[in-house]
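Report on the structure given below.
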Amino acid sequence: MRTRRARRIVLNAVALLVFAVMVFPVYWMVSTAFKPGSDIFANTPVWFPYHPTLGNFGDAVHRPHFWADVKNSLIIVSVVVAMSLVLAFLAALALAKFRFYGRRAFIVLIIAVQMIPLNALIIPIYLVLSKAHQVDKLSGVIVTYLTFVLPFTIWTLRGFLLGVPRDLEEASQVDGTTRFGAFLRILLPLIGPGLVATSIFAFIQAWNEYIMAYVLLHDPSKQTLTVWLASFTGDRGTAWGPLMAGATLTALPVVIFFVAVQRKIAFGLTAGAVRG
Amino acid sequence: MSSRFSAAAAAVSEPALPSRRPRRPFASRLGSRAAPYLLILPACAVIGAVLGYPLYFMGRLSLQHYGLFQLIKHKGEWIGTKNYSQILHDGLFWHVVARTLAFTATAVSLTMVLGTLFALLLAQLGPKMRVLLTAGLIFVWAMPVVVAVAVWSWMVDFEFGVANWLLTYLHIGNFNHHDWFANTWSGWAIITSLVVWGAIPFVALMVYAGLTQVPQELVEAATTDGATSWRVFRDVTVPLLKPIFVILISLSIIWDFQVFNQIWILLNGQPPPQYFTMSIYAFTTSFQQSQYGLGSAIALVMVAILLVVSFVYIRQMVKIGDAE
Amino acid sequence: MKLRIIAAVALAAALATAASTATGGTKRSTAQQVVVWVMTDAQNGWPGAIAAANSQFQQQHPGVDINIQYQSWDTVLQKFDAALAASDPPDVIELGNTQTAKYMAAGAFSSLNAKNFPNSSTWLSGLKSSCTYRGKLYCVPYYAGARAVIYRKDMYRQAGIKGLPKTYAQFLANGKKLMKKFGKNRNFSAFYEPGQNWYVPTTFVEDYGGHIAVQAKNGKWKGTLDSPQAIHALTVFKSMVQKLSRASKTQDEAHPYPSIPFAKGRMASFIGNGWEWPYVFNPKGGAAPKSFEKKMGAYPMPSHIKGRYMPTFLGGSDIGIPISAHNKALGADWIKAFTGTQSETIIAKAGNIANTTKLANVNAHNPALAPFARAAKYSWFVPTSPNWVNVENSHLLKQMLTAILTNRKSVQAATKSASKQITQILNASP
């Protein structure tokens, strides 16, 4: 009994330490965002914002094109998530349920695509998109992002699809034309968690991306939030307070998305992970 | 709980051992032989449209002398494999390769080891602490890379960095006005810590998910046979988690080999050669030296090296993918 | 079943179409728009000049949409290169005066007739030559910048310094007094010189008669930082930095920006441009209130030769029209508006040097900015080779300085390898 309690205490202490170390940068970002300039540049760090101010947030939000860039990022990310779910689901279905010639090649393709350094392809991709009149357009960026989001999402959804028990599949083999419809109606809810997990991944990848966005989008009113954030480290040095406020705002949608779907995550990761 | 969830729960409570049961060909049920090709068509179309021509173009560029002059005229000069021989004979190139490999090996090992340890910790905790730690990990995972680099940059700032102050306060040394990037080793320590810090949550959560799948009967059987926790981990848990480890290691190698943003932004877009990885080297050759042909060649060599390095793991992944 | 798949594909396509229309894509209808790329310096420092230019242009072309896209120095050339590759560049673009040579030599700009632009007969010769290639004009001077020492009058007084230094020797002596008075504070610098702020040591080199590189009669360049004069200058510089500066040896003049540590009292002086002056007490990013300005002063850096200043690097920007631009005539009109007397006066009042000698005395009565104009009396410029910007982009000068200041390499060894690299890069075929 004693050793169990001791063990529990030690484990909890370790967990708290791990938590503190991992989360500290996040905490530092948020607390700096609320500090006035004098506290940010104090000679001794001010650990907690004792004189919180919304000034940094005000500065960040009033920078040119902030709201336009928020809108752009949200549009890009929602479309990328939606489209990648649809396209990846279809492709994962093929991989999970069918044996077909070229299947192995397709698997190799989606693994190989992830190895290509996108930065090296900036100019060629720019050329292709320019010919299709997709430069300085959100749709050009969306299509580019899809390319590097699809491989992982296809692979993960494949894993989830494999986890669906066969008797349920067969239960959906109702005769006639309702076959596929019934199949979908039973299947989709089962892999719901998988769809959530892959949508989170797609969300983060699309939200994070920086270099392609700033090359492909010229008009400041069309840029994404991550590029907007980079504008804080301007040629006049870095405005740390507003930058941390801007960073907090940029991280916020992802966190909100997580919180909204967090119950499904745990279940989703559990359900699909082992199916490799 | 709704019946859908219990059905799914039943589905995943099946043993996680690789299934060797033959599957009845579902294809015949759905009727169409063309079905799989139609299903993968949209994904292939997107990937092909965005990457197809650019990859071909990059291959062509790598065989040409293509500077700013040629860029404006849209016409390069054919020089065959001269770019490649220039790269392979360049001392700097080999240093960059070695550095990239060393960094990747270090980052991947640290990420996998720490991630697995955190996952094991999660498995041992009570529910409240587990939720707290999971929430913390998710906050870290959710931070965009640009944001994370900005914060770390601020933490190690020369004039006002809190890390400097803290280390001095804890008497670990005098870090006042410490220039983290003056010394290459300490600079790489910061970069590696940043990359590993950002990568741990994903690994930890995935491995934890896998751990919850390990059937308790097997663990109990092994323990009653007298095995220590380490033996249980090594002989029971690891084999069951092998598919997860294979994926995670493969992805980590692929991602860490291509790390760019963290180094670029931490060093204000002007990293000195000691901080070059292959992706940075390719980028600066193309854009700062305006040698687009040479830069393309470097990028292609980089892909080749990555393929070689990750070959073993990729083959495993393809085998797993094919086996079902 | 096939139908369902096709339906799914159609759904995906519909989403894509929705996305492209949701962007409210500004169609590049070529006759209606002029696209201008200028740096964020204008947005932050002299927005009035942009506004004046826009209104003048709008009067001339009432139906045309002015699309100003502010760029940052770090990323503009990458975007410009990509745009050039796709023949889709802006109609007007600002480049630094050290970058124009490369782009002119590569044929990126349209040639211009100086007579069409305002004040062209009185353009600053330094800027004009950065726009001239093989006798033809390819861009229009925009503004120049000179550097001077910005200092804390109250700290100088407290350290017992009377008057301003007239020679470098006096400057050094003053610095030692400051270190004696305030140096116990480990964060204090008498003169804050970040290791990679390469404009200052190269100024020392020029002051002692050296150059970064010289061009022989046959056109070949040779890096000369390893000449005796240059080595002597850099040795003097290194000794000064070790005595007077506690700034980072691996950062440059923008990371961190000196204004904030200056406002926090961590230094008595630093070398900066005129437009950096208001940044010290800029409430947006700075850390000092407006009253701080009373404590600030400026003076040109004195030379080791009595009666002169150390030659300042004459930085600046030019504006040009890319050769494949869609609306060259509109671009030219906008440039005429922006580089005319009205806008240039606003630009000069923001702390810069206007592109014309006619406006040389705009700041003569402004005690804050007058020293910067005076400092421009002695100036130097980088080697006028089309490959010069590749030297800048490789950051080899910055790395050479860090190696010297951190004692990783001796001055001789560092300058020798840097000169070799400079020679190689400058002579490379384009």
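The values are calculated or read from the model by the stated rules, or taken from the named source; none is laboratory data. This one's a predicted model, so the numbers in the text were calculated from it and none came from an experiment. Counting neighbours? That spans all protein chains shown, and the Cβs are built from the backbone with ideal geometry, glycine included.
In this structure, C:Lys290 does not qualify as charged (D, E, K, R) and under 30 Å from C:Thr423 (Cα atoms).
Being at negative phi and surrounded by fewer than 22 Cβ atoms within 10 Å (Cβ to Cβ): is that true of C:Lys249 here?
No; evaluated as a whole, the condition is false for this residue.
Can you name the residue in segment C:374-405 that is of a type in the set (S, T, N, Q) and not in a helix (DSSP H, G or I) and, of all such residues, is surrounded by the fewest Cβ atoms within 10 Å (Cβ to Cβ)?
Step one: of segment C:374-405, the residues of a type in the set (S, T, N, Q) are C:379, C:384-385, C:387, C:390, C:393-394, C:399, C:402.
Narrowing further to those that are not in a helix (DSSP H, G or I): C:379, C:384-385, C:387.
Working: C:Ser379: 20, C:Thr384: 15, C:Ser385: 21, C:Asn387: 21.
So the residue we want is C:Thr384.
Look at segment C:339-351: where a residue is within 9 Å of C:Ala49 (Cβ to Cβ) and touching a residue at least 40 places away in the same chain (Cβ under 8 Å) and a partner is surrounded by fewer than 18 Cβ atoms within 10 Å (Cβ to Cβ) and of a type outside the set (Asp, Glu), sitting 6+ places away or on another chain with Cβ atoms under 6 Å, you get C:Ile346/C:Gly48. Taking the numbered list (1) surrounded by fewer than 20 Cβ atoms within 10 Å (Cβ to Cβ); (2) touching a residue at least 12 places away in the same chain (Cβ under 8 Å) in turn, C:Pro371 passes all entries but (1).
Assess whether C:Leu164 counts as being among the aliphatic types (A, V, I, L, M), in the same structural domain as C:Ser239 (by TED's automatic domain parsing) and touching a Phe, Trp or Tyr at 6+ places or on another chain (Cβ under 8 Å). The answer is yes for C:Leu164.
Just to verify a result, which residue in segment C:60-74, among those that are more than 8 Å from every other protein chain (Cβ to nearest Cβ) and touching a residue at least 12 places away in the same chain (Cβ under 8 Å), is farthest from C:Pro141 (Cα to Cα)? That would be C:Gly63. The requirement of being more than 24 Å from C:Glu344 (Cα to Cα), buried (at least 21 other Cβ atoms within 10 Å of the Cβ), out of contact with any Phe, Trp or Tyr (no Cβ under 8 Å at 6 or more places or on another chain) and within 14 Å of chain A (Cβ to nearest Cβ) is not satisfied by C:Leu77. So which residues in segment A:107-155 are more than 7 Å from chain B (Cβ to nearest Cβ) and of a type in the set (Gly, Ala, Ser)? The answer is A:Ala112, A:Ser130, A:Ala132, A:Ser139, A:Gly140. The C-beta contact set for segment A:21-47 (first residue under 20 Å from A:Ala239 (Cβ atoms), second residue assigned to a loop (DSSP other than H, G, I, E, B) and polar (S, T, N, Q), distance under 6 angstrom, 6+ apart or interchain) comprises A:Pro36/A:Thr53.
Just one of the listed residues (B:Glu77, B:Glu159) is touching a Lys or Arg at 6+ places or on another chain (Cβ under 9 Å) and farther than 30 Å from A:Arg8 by Cα, and it is B:Glu159.
Scan segment A:16-43 for residues that are in contact with a helix residue (DSSP H, G or I) (Cβ under 7 Å, 6 or more places away or on another chain) and assigned to a helix (DSSP H, G or I) and the total you get is 13. Looking at segment A:90-102, can you tell me whether even one residue there is part of a helix (DSSP H, G or I) and surrounded by fewer than 17 Cβ atoms within 10 Å (Cβ to Cβ)? No, every residue in segment A:90-102 fails to be part of a helix (DSSP H, G or I) and surrounded by fewer than 17 Cβ atoms within 10 Å (Cβ to Cβ).
Looking at C:Ser419, C:Ser343, just one residue is modelled with pLDDT of 90 or more, more than 22 Å from the chain's Cα centre (by Cα) and not charged (D, E, K, R), and that residue is C:Ser419. Of the residues B:Tyr84, B:Tyr53, the single one that is on the phi < 0 side of the Ramachandran plot, within 13 Å of chain A (Cβ to nearest Cβ) and surrounded by 14 or more Cβ atoms within 10 Å (Cβ to Cβ) is B:Tyr53.
Within segment C:38-74, the residues that satisfy the criterion of being in a loop (DSSP other than H, G, I, E, B), more than 26 Å from A:Phe232 (Cα to Cα) and not aliphatic (A, V, I, L, M) are C:His61, C:Pro62, C:Gly63. When the criteria are applied in full, C:Gly210 fails the requirement of being at pLDDT below 90 and assigned to a loop (DSSP other than H, G, I, E, B). Within segment A:17-31, being more than 20 Å from the chain's Cα centre (by Cα) and at the interface with another protein chain (Cβ under 7 Å from one of its Cβ atoms) holds for A:Val18, A:Phe19, A:Trp28. Of the residues making up segment A:189-205, those that are hydrophobic (A, V, I, L, M, F, W, C) and more than 10 Å from chain B (Cβ to nearest Cβ) are A:Leu195, A:Val196, A:Ala202. Across segment A:1-17, which residue is modelled with the highest pLDDT among those that are of a type outside the set (A, V, I, L, M) and surrounded by 10 or more Cβ atoms within 10 Å (Cβ to Cβ)? Here the residue is A:Asn12.
Among the residues of segment C:85-112, those identified as hydrophobic (A, V, I, L, M, F, W, C) and at the interface with chain A (Cβ under 10 Å from one of its Cβ atoms) are C:Ala85, C:Ala86.
Residues that are within 10 Å of chain A (Cβ to nearest Cβ) and without any contact (Cβ under 8 Å) to a residue 12 or more places away in the chain within segment B:287-311 comprise B:Phe287, B:Val303, B:Ala304, B:Leu307, listed in sequence order. Checking each residue of segment C:248-257 against the condition of being away from chain A (no Cβ under 13 Å), within 24 Å of C:Leu397 (Cα to Cα), in contact (Cβ under 8 Å) with a residue 60 or more places away in the chain and outside any strand (DSSP E or B) gives at least one match.
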